[in-house]
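Report on the following structure.
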Amino acid sequence: MFAADFEPAERSTRRGSPRAPIALDVSIGKTHRTLCKVVDISINGARLQTYSALKRGSNIWLNLPHIGQVAATVMWADDFTAGCQFRKPLPLAVLQP
């Protein structure tokens, strides 16, 4: 499970589900070679801070603790921050304390 407070967003956004702020060190790729930090997460996606730039439209593997490898698509990228959408939603139970 992730340790994060999960609360609904008060303003309307384009996101399909509310995100919870989190600080989680993870890796990208099947070989776990690229490090990044998840700064918010929902069942449908996450915002990442990376040490190397990602490109919009890239398909990545995000290695999440207690879940394993999750396939995702980079929906937007700006310098060393990116938003990704998971190919399959995460189970809601993994975001609950």
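Per residue, how many Å² of accessible area does the range 25-97 show with a 1.4 Å probe?
Values: 4210 Å² over 73 residues.
Here the per-residue accessible area is 58 Å².
Sparsely packed loop sites in the range 35-97 (the trypsin sites (Lys or Arg not before Pro) outside DSSP H, G, I, E and B with at most 13 other Cβ atoms within 10 Å) comprise Lys55, Arg56, Arg87.
The values are calculated or read from the model by the stated rules, or taken from the named source; none is laboratory data. Because the structure is a prediction, the values reported are computed rather than measured. For neighbour counting, all protein chains shown are included, and Cβ atoms are generated from backbone atoms with ideal geometry for every residue, glycine included. What goes into the accessible areas is simple: the full protein's heavy atoms, side chains included, and nothing from ligands, DNA or RNA. Shrake-Rupley method; radii C 1.70, N 1.55, O 1.52, S 1.80 Å.
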